[in-house]
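Student: This is the structure I want to talk about, given as structure tokens.
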Amino acid sequence: MTQKVENLIEQGIHLYKKGDAKSALRCFELASREKAEDAEIISLAGLALTSLGRFEEAHAKLAAAVEKEPHQPGFWLNLAEFYIKKAALSEAESTLVSLLSRFPLFKPARHRLAQLYMDAARYEDTEKLLTKVPTKELGPALFKLLVTSLQYQGKWLSLAKAASDWTNLFPTDLSAWLVLAGAQHECGNFELARQSFQKILNLEPENPSFQNMYGQACLNVSEYQEAAKALDKAESLQPNNPSTLTNQGLLHTFLGNLDLALDYSIRSQRLAPDHLPVYSQLSRLRKGQLQDTEIESLQRIAGTVTSEEERSQVHFLLAHHYHARQEFDKAMQEYELANQHKSTANLQRGVHYSQQETESKFDRLRHLAETVSVNSDSTEKACQPIFVVGMPRSGTSLLDSLLARHPDVTSLGERVEIPALITKLLAEQPMPADILEQIRRDYCNPQRVRDRLFVDKNPANIEAVGVMAKLFPAAAFVQIERHPIETCLSIYRYEFSHYWTFATSLRDVAHYYGQYRRLMEHWQLALGKRLLTIQYESLASDPSLWMKKIYDHCGLDWNDAYLEGKGNIQPVATLSTVQVRGTIAVARHRDKYLSLAQQLSANLRANAVDCEQ
């Protein structure tokens, strides 16, 4: 090839990349006069003709180039680009698949096919194409496409695995660490997510957004001191960031500094009236009732949000507001809308409630403890958990806070280790004894468990009572029950995360409640006196009597000062964080939402639950 031809080709490519296909074509035609049978010149001319919309001529040249030199992958790729430009996507896919079968290591073809699948919303095909390639050979562009395809499918475990592999190869890739932390959070692995955010923070410690994210991750695992350090740092770096101020408000709500929490929340809302998360915080602090200007802002937000998750949040907030104003018909309409949107959001995440799967799972849970074998060691003496169990919204937070008023008891909130263990046991049973021993030691790690006696009140622990009884022979178990209609109605009236898939439907809430009741009856028979069951309404009517019984069951001495709030007041990180700091009271919401209560009553009876209490 002469220098003249090389110069014409180089000039033509330059013009083509600048978008001047007409001048580029002229260069390729001049080059072709010098070397008419050159496949590269023919293929380039075909690309230029494609950009000019001269498809018939373009196809003839591009196909001819492939026929002349089928061993050149670039010519196949140019032909595929022609089909994409012409919107002949089936032919484009066929060409790219054929190209990859011939040249499996030709990365541009894999990238183009992956992008073709993504543009057609064929996310599973994108995943299959890219997971055939070792992570180290993907490159940043293909890794990004894989991440996006998994996010669209809601395959968070697969995404966490891919991101973990990537961060092992490229430990300073911030974007990959962010993907990993997000996937771990979606999987419910909050402690792993916190650790990933810690890695991010180590890479950029002066980034206020990362400090804020780490602080929020710490709140998710009840690490309040770490959260405070990170959020204070974030605020010092960026004093008027609404997200940081909202998280500061949330932190101080959990710590019981309610005036300071409200101050932070008001500042956040005034700085960014469209910042939706702060309204949840204001609603919590004001027990539902928002100010008129805040309602106006919220209604404006309702007209702009696009995600089902955000629509659900807006309707829950409006419902709480109407409930606080005793406008119960309006509140009921908003609660129904909120749960409809939440249910749709869950489906978009790929999660839904299955009654059949729940029944099968609970049947397996009854026998799961039989697969657990542990060796006796000193752990049980050094670590004595108090497990508070019960349905969400049944009074577990109240009981937790009352137990934690004893000076020898620490509340660790809703720890996630036990539910994670149950998930593993269900998937991998039986688990080797040495692994279980390590899990038990980790759970009682002195760095986390500062006092010998501590409370774990994760509602998901109802599934693990039998396993926990074996792992921790010295543990005490206290179950708190509330009127079934009140419990189920309260669940329906509050926004739960997508992990609680039953919460958006009265039918599903009642079904889950029925399964819970039967499972707890099984645990009561299995544990006998180790499991104390109390009624929330009884505790509220005579708290001194019942707290003495509870304290005695847990081996604790009782002091009436604990009921007066003079004891060891500790953080509370649940929906009830404000309520548990007030007077113990019994609310009859079933009288205010009669229609919903009647539906629940029928559904509960269908699941063999007695509602006449």
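The values are calculated or read from the model by the stated rules, or taken from the named source; none is laboratory data. Note that this is a predicted model, so its numbers are computed, not measured. Here Cβ is always computed from backbone atoms with ideal geometry, including for glycine, and neighbour counts include all displayed protein chains. Side chains are part of the model used for accessible areas, which takes the heavy atoms of the whole protein and leaves out ligands, DNA and RNA. Shrake-Rupley method; radii C 1.70, N 1.55, O 1.52, S 1.80 Å.
Student: Give me the angle, in degrees from 0 to 90, between the Cα long axis of helix 543-553 and the longest principal axis of the Cα atoms of the chain, rounded to the nearest 10.
Tutor: 80
Student: Under 15 Å between alpha carbons, and skipping anything fewer than 8 positions from residue 457 in its own chain: which aspartates and glutamates qualify?
Tutor: 400, 414, 417, 481
Student: Return the sequence-ordered ³J(HN,Hα) values of the range 23-30 in whole Hz as given by the Karplus equation 6.51 cos²θ - 1.76 cosθ + 1.60 applied to θ = phi - 60°, using x for Gly and Pro.
Tutor: Computed from phi, the couplings for the range 23-30 are 5, 4, 4, 4, 5, 5, 5, 5 Hz.
Student: Taking a ≥ b ≥ c as the square roots of the Cα gyration tensor eigenvalues, with a/c under 1.5 meaning rounded and otherwise prolate when a/b beats b/c, else oblate, which class fits the range 167-284?
Tutor: On the way: a/c = 2.01, a/b = 1.76, b/c = 1.15.
Prolate, because a/c is 1.5 or more and a/b exceeds b/c.
Student: Same structure, new question: Per the 1.4 Å probe, what fraction of the accessible area of the chain, in percent, lies on carbon and sulfur atoms?
Tutor: Numbers: 13970 of 28160 Å².
Whole-percent figure for carbon plus sulfur exposure: 50.
Student: Here's a follow-up. Any chance you could list the semi-axes, whole Å, largest first, of the equivalent ellipsoid that the Cα gyration tensor gives for the range 399-534, using √(5λ)? Don't jump to the answer; show the numbers that get you there.
Tutor: Numbers: eigenvalues 132, 73, 49 Å².
Result for the range 399-534: semi-axes of 26, 19, 16 Å.
Student: Okay, moving on. What's the angle, to the nearest 10 degrees (0 to 90), between helix 107-119's Cα axis and the longest principal axis of the chain?
Tutor: For helix 107-119, the angle is close to 60 degrees.
Student: Here's something else I'd like to know. Assign one of three labels to the range 118-228, namely rounded, prolate or oblate, based on the Cα gyration tensor with a ≥ b ≥ c the square roots of its eigenvalues; rounded applies when a/c is under 1.5, prolate when it is not and a/b is larger than b/c, and oblate otherwise. Mind showing how you got there, number by number?
Tutor: Working: a/c = 2.54, a/b = 1.85, b/c = 1.38.
Verdict is prolate for the range 118-228.
Student: Kindly report the accessible area of the range 293-415 per residue (heavy atoms of protein chains, probe 1.4 Å, no ligands, DNA or RNA), in Å². Intermediate results must be reported in sequence, preceding the final value.
Tutor: Values: 5320 Å² over 123 residues.
With the other protein chains kept in place, the range 293-415 gives 43 Å² per residue.
Student: List the longest stretch of the chain that has no exposed loop site; here a site is one of the GluC sites (Glu not before Pro) assigned by DSSP to anything other than H, G, I, E or B, with at most 14 other Cβ within 10 Å. Walk me through the numbers on the way to the answer.
Tutor: Values: sites that count: 37, 206, 327, 564, 612.
Counting at most 14 other Cβ atoms within 10 Å as exposed, the longest clean stretch of the chain is 328-563.
Student: Using only the alpha-carbon atoms, what does the chain span along each of its principal axes? Please give whole angstrom values in decreasing order.
Tutor: Each principal axis gives a Cα extent; for the chain these are 103, 61, 52 Å.
Student: What angle, in degrees between 0 and 90 and rounded to the nearest 10, separates the Cα long axis of helix 242-255 from the longest principal axis of the Cα atoms of the chain?
Tutor: Rounded to the nearest ten degrees, it is 20.
Student: If you count only protein heavy atoms and use a 1.4 Å probe, how large is the accessible surface of residue 38, to the nearest 10 Å²?
Tutor: 20
Student: Next question. Once you charge only the Cβ atoms, +1 for Lys and Arg and -1 for Asp and Glu, what is the size of the charge dipole of the range 437-566 about its Cα centre, to the nearest 20 debye?
Tutor: So the dipole magnitude of the range 437-566 works out to roughly 360 debye.
Student: Note down the relative contact order for the range 154-255 as a percent, whole number, built from C-alpha pairs under 8 angstrom at least six residues apart. Don't jump to the answer; show the numbers that get you there.
Tutor: Working: 118 pairs, mean separation 18.8, N = 102.
Computed over the range 154-255, the figure is 18 percent.
Student: Determine the shape class of the range 277-409: with a ≥ b ≥ c the square roots of the Cα gyration tensor eigenvalues, call it rounded for a/c under 1.5, and otherwise prolate if a/b is greater than b/c, oblate otherwise.
Tutor: Oblate, since a/c reaches 1.5 and b/c is not below a/b.
Student: So how exposed is residue 548, as accessible area in Å² (1.4 Å probe, rounded to 10)?
Tutor: That residue has around 100 Å² of solvent-accessible surface.
Student: What percent does the relative contact order of the chain come to when contacts are Cα pairs within less than 8 Å and at least six residues apart?
Tutor: 9 percent.
Student: Something else now. Would you mind checking the pairs 424/549; 470/529; 35/68; 86/128; 4/61 and listing those with alpha carbons more than 24 angstrom apart? All intermediate terms of the calculation are to be shown ahead of the outcome.
Tutor: Details: 424/549 35 Å; 470/529 15 Å; 35/68 14 Å; 86/128 26 Å; 4/61 22 Å.
From 424/549; 470/529; 35/68; 86/128; 4/61, over 24 Å: 424/549; 86/128.
Student: Moving on. Report relative contact order for the range 149-210 in percent, whole number only (criteria: Cα-Cα under 8 Å, sequence separation at least 6). It would help to have the intermediate numbers written out before the result.
Tutor: Details: 57 pairs, mean separation 16.5, N = 62.
About 27 percent, as a whole number.
Student: Hey, how much of the P(r) for the range 390-479 falls beyond 23 Å, as a percent of Cα pairs? Walk me through the numbers before you get to the answer.
Tutor: Values: 924 of 4005 pairs.
Roughly 23 percent, once rounded to a whole number.
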